[in-house]
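Here is the structure we will look at.
The values are calculated or read from the model by the stated rules, or taken from the named source; none is laboratory data. Here the structure is a predicted model, which means the values were calculated and not measured. Glycine also receives a Cβ, built like all others from the backbone with ideal geometry; neighbour counts cover every protein chain displayed.
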Amino acid sequence: MELIKRTTLHFQSETSDKVYEVDLCQVEESGYLVNFRYGRRGGNLRSSTKTEQPVALSEAEKIFDKLVLSKTKGGYKEVTPTNKTPENRESAILTRLENGSDNKWSLERVIWRAGELKIKAATPFLINYIGTGEPLRDYCIAWALGRCGDEKAILHLRRLAENNSTPEFVQRIAWEAWFKLAYSATKNNLKEAKINQLSSQLQQLVREENYEEFAEALNTYLQTPLDTATHEFERWFRSIKPWEWEKQKRSKTTEIDRLPAEIRSQAGKHWLFSRALSSYLQKDVAKRYAIYDTLYQIDNEITRPAVLNFLKTARFVSPNFQAIRHIFKMAEYRLDIEVLALLSCRFDRERAVTYYAYSRRTREYLRRRIWRNLKQLGEENSSEYIQLAEAILLQYSDAEAQPARQTTSHRYNRSNSTRESYTRNWKEYGGYLVFNHILYENSNRYFLALNNRAWRYSSNYKPGDPEPENREEAFPELWEKHPDSLLRLLLASEDRPVHNFAAKALRVCQEYWQEIDDETAIELLEKPYELTTELGFEIARDRYNPDDPNLDLIQALVNCNFAPARQQAHQWIEAATNHFLSSISFLTTLVTSPYQDTRLFARRLLSFAILPSDTAKILIVGIIAELLDLSPANKQEIIKDIADTLLQCFSTQLRQIGFPVILDLLDNSHPEIQILGAQILLNHETPATEIPAELIESLLTSANENIARIGLQIFAQLPETRLLEDWAIILAIANGSFASLRNSIRPIIQRLAQNYPDFSSQLVTELINLLQRKEATEGVHNFLILLLKEDIPGWMEIIDKESALKLTKAKSSAAQEIAGIVLNVNYQKWAQEFSTAKIVKLANHEILAIREAARLIFTENLARIRSSNQEKLTAVKLLEADWKDTQEFAWQVFNEEFTKEDWTPEVMISICDSIQEDVREFGRNLVTRTFAENYGQEYLLKFSEHPSADMQLFATNYLEEYAANDSEKLRDLMPYFISILSRVNKGRVAKNRVFAFLEAEANKSETAAEIVAEILTRQSLTIAIGDKAKAIQIMVKIKQKYPEISLPIQLKPVANVISS
């Protein structure tokens, strides 16, 4: 943000002295802001803006002029800032101190300013003001006296520090000022006096310089109450109920009398006593933690680590924060770089956690204060600015970066009375106030938001845009005077923005480059930040000596993250190839480089190089050692490139490499390294027969397909006798999950099956067993079937029936097709071995080939089936098959191949008993065609039991002939009659026939009439309305003929019916 112009306005009256500043600032190429500050002159000014978003220059100037005009109309006067010389400034301060009262300039501020400017001549005036005002004045005086540097103030500072009536905060600053001005011997005495203030145990440990025991004792001290009696009483007090206090305190009179007066005086009311007790105990804790003030004043090799650990780890809550704040002010006074940097980073990182100790307002104040003091050092052109800024920047790392974020807000546009939305982009480190002031105070792409809490992008810059070439940091000229600090930042920092700043700044200091040695340049090249490695490359390029190349420097260049640096290094290597080829470690670094262009360059270099055999072997071992040490995470591409380089450039040497090296490669957890080991083993001079069988098997069973494929290539080199011994491995590959391996094993299986029948037979048996199991990998069953169909000759003729039947139960439909083919091939040989039930089951199989084979087998067994009633009962189940082709076959066979003599009532009745209507129809036709009188009664009884309407109707055809004039048969058929008569709106023909039959039988005898009456009585309540009239008619006739038979009707004369 660049200041274009500023107007300062003053307003003075008898009761007021105010200042108003208006700034016109450029934040982007065509974007400007109008900001203003106001407040009491000499005090902190409040900031705000007239432009929430950047506007054009013309509009910004209008707003600027309008604001200035409105203030001048209100009584403000424009003043032109004068450049006061240091002499004039000091003179004004001394005059004010000498003259005393001045309502326009607070005396405390004058005293403070004298200290800031280190005006030694002000010391006598400052001493005279001691004790003339509030304690704050004495604090300012003590602070200023220490900075003014006049030893005459020591006596007065000592009095302030040692006077018990002096407020504690004044004592602390007076001690610091006294210490600042004291001689070395006095400083040691002051520290010794502070050590004497510690407990005897802590004193001893500090003097013995035993930090571990000191830290443990310090922790014990902090956990132990100073007033144990009050703590014990508090424990009892918290155990009683509030309403029990009045009664219980009488028993504790002695203990209460021993309590401090500030607690004892509040014993009248429970809540007052509780508050006083809590307040006192909090002070007790605060007193314990005040030990850190003393430890920091001692500040030796024992106490300082303890203080630093406290500052790093203590939570910003009471009582910790009071001690931290005291230490912060002392560190600020001493300009303790380490402590200030540590606390600055913590204040930036940690949000407010309470409303009292470390509140939001306190946090913002401390952050602004650090930057204000730091900025003042920069304005004074002090090297201490560089030291503190360097220490602060080194506190941050890339882990501190928060994700860049975008927010959308809304505002009201008064010009067109609309609500507009706008977006703001906040930078990754936006919440770190001091960090950003140091790095981006002069930036056009970042600026501090108006609430002074976070930095954000200007509208002309978006996250991800290229880094600008211009410098953005505060006080760039001061940094240029301290290039050593910039170099230290580049070497020690792990933060990208810090590297970008330091690299750009150090690039300007080219004279300093001569002082940077090769080792330092290499360190710069090894950094993961491109601007830093680019700088390192420029330094290396300036000092490169082609006559005596520095191998370490070139090695750093080829492995740095700056591509032009790597390319230049490649060119230098090509220009002096022999020199670089002589170093095995250098070549190893090239081959194993994290950058692909360097790895490919190394491969080209080595492919044309002629290395001595011993050198090549040593280089191979070195490369493999580096390869085995690589962390596998995200290194697959690197490992593959290294492996390819080894295989392409050292194929001859790898044929003779030792087996232990190969085993190390194969035992590695990374698949690409295992593949390299397998490739070396495949091309090794050792014959396959001499490679351990378990090693080959481990390759074949690898979960990596490429490794298993290489293992199969080695396996295929074994003689056939060895392969026959390992038939289980062949079977495992054929049933394996890798399709490429399954296809590769086919030639071996073809060859062995052709030449070795026993192998063929054994393999077929195992394949059939596998086909019956669930397919482990999709496509395996199809492959096994392919083997059976194409690669294993003659097995269908020699396979046994049981194996073929196993195939019919295989999990694969293709395998079942094979079973059908096998059954077709062998049906004549096996036909007599099949039971009729098995034939029927096969004929109902879902695979057509199996059904066709079953029908052939059925035909072969036709004579046997026709000769046995039991066989026929089983055979007719074909009629109920699920498949139309089998049903049609059954109808054809039973119609054409079976004679009238073959059909027995039992078989036909079983057909008619089917649940399928078309089968029952077939059965009824058979009965009709082959009807025999002597079986009529059996047909009637069996058909009457069938629940289907068509069979019950068919049974009515036999009523007159086989059930008439027989009361016993009539009773046996009662369920049949009831079933027919119970049908609602169904079976009309059957009902009519039954009604007619029952009516006729009832007229023949009283016994038959009783049976008919029982049937009709049972049905009278549920019979359909359409059938009720017929039933009543029959019952009336029975009643008229046999009055004594009980019926659910009553007959009356017609006259009685009319009269009633």
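Applying a threshold of 7 Å to beta carbon distances and a minimum spacing of six or more residues, or different chains, the list of pairs starting in the range 237-257 at a residue that is assigned to a helix (DSSP H, G or I) and ending at one that is of a type outside the set (D, E, K, R) reads 237/277; 242/270; 245/270; 248/240; 249/256; 249/267; 255/233; 256/267.
Does residue 775 count as in a helix (DSSP H, G or I), surrounded by fewer than 19 Cβ atoms within 10 Å (Cβ to Cβ), out of contact with any Phe, Trp or Tyr (no Cβ under 7 Å at 6 or more places or on another chain) and modelled with pLDDT under 85? Here the answer is no, as residue 775 does not meet what is asked. Only one of the numbered conditions (1) part of a helix (DSSP H, G or I); (2) more than 25 Å from residue 523 (Cβ to Cβ) is violated by residue 488, and that is (2).
When the range 37-52 is limited to residues that are modelled with pLDDT under 80 and part of a loop (DSSP other than H, G, I, E, B), the one that is nearest to residue 421 (Cα to Cα) turns out to be 52. Do we have any residue at all in the range 530-537 that's surrounded by 18 or more Cβ atoms within 10 Å (Cβ to Cβ), among the polar types (S, T, N, Q) and either in contact (Cβ under 8 Å) with a residue 60 or more places away in the chain or touching a Cys at 6+ places or on another chain (Cβ under 8 Å) (or both)? Yes; the residues of the range 530-537 include at least one that is surrounded by 18 or more Cβ atoms within 10 Å (Cβ to Cβ), among the polar types (S, T, N, Q) and either in contact (Cβ under 8 Å) with a residue 60 or more places away in the chain or touching a Cys at 6+ places or on another chain (Cβ under 8 Å) (or both). Out of curiosity, is residue 589 among the polar types (S, T, N, Q) and over 19 Å from residue 638 (Cβ atoms)? Taking the combined requirement at face value, the residue does not satisfy it. Contact map, the range 318-335: residues that are hydroxyl-bearing (Ser, Thr, Tyr) paired with residues that are part of a helix (DSSP H, G or I), Cβ distance under 8 Å, separation 6+ or inter-chain. Pairs shown: 318/282; 318/286; 333/143; 333/146; 333/173; 333/176; 333/177; 333/180. For the range 370-389, the condition holds for at least one residue, the condition being that it is without any contact (Cβ under 8 Å) to a residue 40 or more places away in the chain, part of a helix (DSSP H, G or I), crowded, with 18+ Cβ neighbours inside 10 Å and on the phi < 0 side of the Ramachandran plot.
When 428, 469 are screened for being at pLDDT 75 or above and either in a loop (DSSP other than H, G, I, E, B) or of a type in the set (D, E, K, R) (or both), only 469 passes.
Within the range 72-101, restricting attention to residues that are surrounded by 11 or more Cβ atoms within 10 Å (Cβ to Cβ) and part of a loop (DSSP other than H, G, I, E, B), the residue that is modelled with the lowest pLDDT is 84. Residues in the range 147-204 that are in contact (Cβ under 8 Å) with a residue 12 or more places away in the chain and in a loop (DSSP other than H, G, I, E, B): 8 in all. When residue 686 is tested against (1) surrounded by fewer than 16 Cβ atoms within 10 Å (Cβ to Cβ); (2) in a helix (DSSP H, G or I), only condition (2) is not met. When 742, 709, 722 are checked against the criterion of being in contact with a Ser or Thr (Cβ under 8 Å, 6 or more places away or on another chain), surrounded by 17 or more Cβ atoms within 10 Å (Cβ to Cβ) and on the phi < 0 side of the Ramachandran plot, 709 stands alone in meeting it. Evaluation of residue 429 against the conditions (1) within 24 Å of residue 26 (Cβ to Cβ); (2) exposed (fewer than 13 other Cβ atoms within 10 Å of the Cβ) shows that the sole unmet condition is (2). Looking only at residues in the range 287-337 that are small (Gly, Ala, Ser) and under 19 Å from residue 198 (Cα atoms), the one that is surrounded by the most Cβ atoms within 10 Å (Cβ to Cβ) is 323.
Please verify whether residue 601 is surrounded by 15 or more Cβ atoms within 10 Å (Cβ to Cβ) and aromatic (Phe, Trp, Tyr), treating the condition exactly as stated. Criteria met by residue 601.
Against the criterion of being surrounded by fewer than 18 Cβ atoms within 10 Å (Cβ to Cβ), at pLDDT below 85 and either among the hydrophobic types (A, V, I, L, M, F, W, C) or part of a helix (DSSP H, G or I) (or both), residue 790 does not qualify. The set of residues in the range 656-683 being over 39 Å from the mean Cα position of the chain (by Cα) and assigned to a loop (DSSP other than H, G, I, E, B) consists of 656, 657, 658, 683. Among the residues that make up the range 396-418, is at least one of them within 23 Å of residue 505 (Cβ to Cβ), modelled with pLDDT of 90 or more and either surrounded by fewer than 20 Cβ atoms within 10 Å (Cβ to Cβ) or in contact with a Ser or Thr (Cβ under 9 Å, 6 or more places away or on another chain) (or both)? The answer is yes, given that some residue of the range 396-418 is within 23 Å of residue 505 (Cβ to Cβ), modelled with pLDDT of 90 or more and either surrounded by fewer than 20 Cβ atoms within 10 Å (Cβ to Cβ) or in contact with a Ser or Thr (Cβ under 9 Å, 6 or more places away or on another chain) (or both). Cβ-Cβ contacts under 8 Å between residues 6 or more apart (or on different chains), taken from a first residue in the range 68-83 that is under 16 Å from residue 24 (Cβ atoms) and acidic (Asp, Glu) to a second residue that is at pLDDT 80 or above and surrounded by 10 or more Cβ atoms within 10 Å (Cβ to Cβ), are listed as 78/7; 78/8; 78/9; 78/68; 78/72.
Would you check which residues across the range 309-334 are over 16 Å from residue 283 (Cα atoms), among the small types (Gly, Ala, Ser) and in a helix (DSSP H, G or I) and list them? Passing the criteria: only 331.
Remark: residue 284 matches the filter, which requires a residue to be in contact (Cβ under 8 Å) with a residue 24 or more places away in the chain and more than 27 Å from residue 349 (Cα to Cα). Taken over the range 509-547, the criterion of being more than 18 Å from residue 483 (Cβ to Cβ) and charged (D, E, K, R) is satisfied by 526, 530, 541, 547. Candidates are the residues of the range 826-882 that are of a type in the set (Ser, Thr, Tyr) and part of a loop (DSSP other than H, G, I, E, B); the one that is farthest from the chain's Cα centre (by Cα) is 868.
Kindly evaluate residue 104 against the criterion of being under 28 Å from residue 12 (Cβ atoms), out of contact with any Leu (no Cβ under 7 Å at 6 or more places or on another chain), surrounded by fewer than 15 Cβ atoms within 10 Å (Cβ to Cβ) and at pLDDT below 90. When the stated conditions are applied, residue 104 passes them.
Taken over the range 529-542, the criterion of being out of contact with any Leu (no Cβ under 8 Å at 6 or more places or on another chain) and in a helix (DSSP H, G or I) is satisfied by 530, 531, 534, 538, 541, 542. Identify the residue in the range 911-925 that is in contact with a helix residue (DSSP H, G or I) (Cβ under 6 Å, 6 or more places away or on another chain) and at pLDDT 80 or above and, among all such residues, is nearest to residue 879 (Cα to Cα). Step by step, filter the range 911-925, then rank; the result is 919.
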